[in-house]
Amino acid sequence: MLRRSADQPELFGEFFRQHFDRIAAYLARSVCDPDLALELTAETFAQAYVARGRFRGSTSEEAEAWIYRIARRQLARYFRRGEVARRAMKRLQMQVPRIDADTRAEVEELADLAGLRSALRTELQRIPRSQRDALWLRVVEELPYAEVSDRLGISEEAARTRVSRGLKSLSGALTGSSITLKGVRS
């Protein structure tokens, strides 16, 4: 269907409907923000639409892997730049949908954000306080490493190490957790 959509654009709508919920849930779990997740999802499908003629797979599994690869790239781009790239959306004249409270709740439930937040709180309590404090200053307060080191009375290298170790601990614990996305292992 995805390959045929290059010649029959209406088929892309079916591809979109088949994969939208899973991609939105994946991105919501990654950013813990339903509004941002929907924006990233829109960007993912906009990129997929533009690039659909380059898809060379032949199975639905390959198409699903392809759309997840695009979603991961959009997520990485967002984290690198701190904003969602809007070029393809503008080119396609797509608008990011405004979501109402019901849609927001549905995305949060689909991604089990409450479960993810709970697991994150639990794991934060398990890591050493020195790492937790460094993570708070760097990630939550968004301070540069120089200021993190000043506030903690440590070298900048030590601040980077504490943040890195804290993130690695959290990532490992959450990746290995039993949190699922409507039956999909995280």
### Task
Can you tell me which residue among 127, 99, 154 is surrounded by 12 or more Cβ atoms within 10 Å (Cβ to Cβ), within 21 Å of residue 20 (Cα to Cα) and among the β-branched types (Val, Ile, Thr)?
99
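Of all residues being assigned to a loop (DSSP other than H, G, I, E, B) and over 25 Å from residue 106 (Cβ atoms) in region 1-33, which is most open to solvent (accessible area, probe 1.4 Å)? Just the residue, please.
First pass over region 1-33, keeping only residues assigned to a loop (DSSP other than H, G, I, E, B): 1-3, 7-9, 32-33.
Filter again for over 25 Å from residue 106 (Cβ atoms), leaving 1-3, 7-9.
Values: 1: 72, 2: 7, 3: 119, 7: 138, 8: 77, 9: 56 Å².
That would be 7.
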### Query
Is region 51-63 home to any residue that is at pLDDT 90 or above and crowded, with 20+ Cβ neighbours inside 10 Å?
yes
### Message
Testing residue 108 on (1) crowded, with 17+ Cβ neighbours inside 10 Å; (2) modelled with pLDDT of 90 or more, one condition comes back false. Which one is that?
### Response
(2)
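Every residue, every condition in (1) open to solvent by 50 Å² or more (accessible area, probe 1.4 Å); (2) at pLDDT below 80, yes or no:
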position: 41; (1), (2): no, no
position: 69; (1), (2): yes, no
position: 92; (1), (2): yes, yes
position: 118; (1), (2): yes, no
position: 121; (1), (2): yes, no
position: 143; (1), (2): no, no
### Selection within region 154-178 - at pLDDT below 85 and not in a helix (DSSP H, G or I)
176, 177, 178
### Task
Any chance you could count how many residues in region 130-141 are among the aromatic types (Phe, Trp, Tyr) and open to solvent by less than 50 Å² (accessible area, probe 1.4 Å)?
0
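The values are calculated or read from the model by the stated rules, or taken from the named source; none is laboratory data. Nothing here was measured: the structure is a model prediction, and the numbers come from that model. Glycine also receives a Cβ, built like all others from the backbone with ideal geometry; neighbour counts cover every protein chain displayed. Surface accessibility is based on the protein's heavy atoms, side chains included, excluding ligands, DNA and RNA. Shrake-Rupley method; radii C 1.70, N 1.55, O 1.52, S 1.80 Å.
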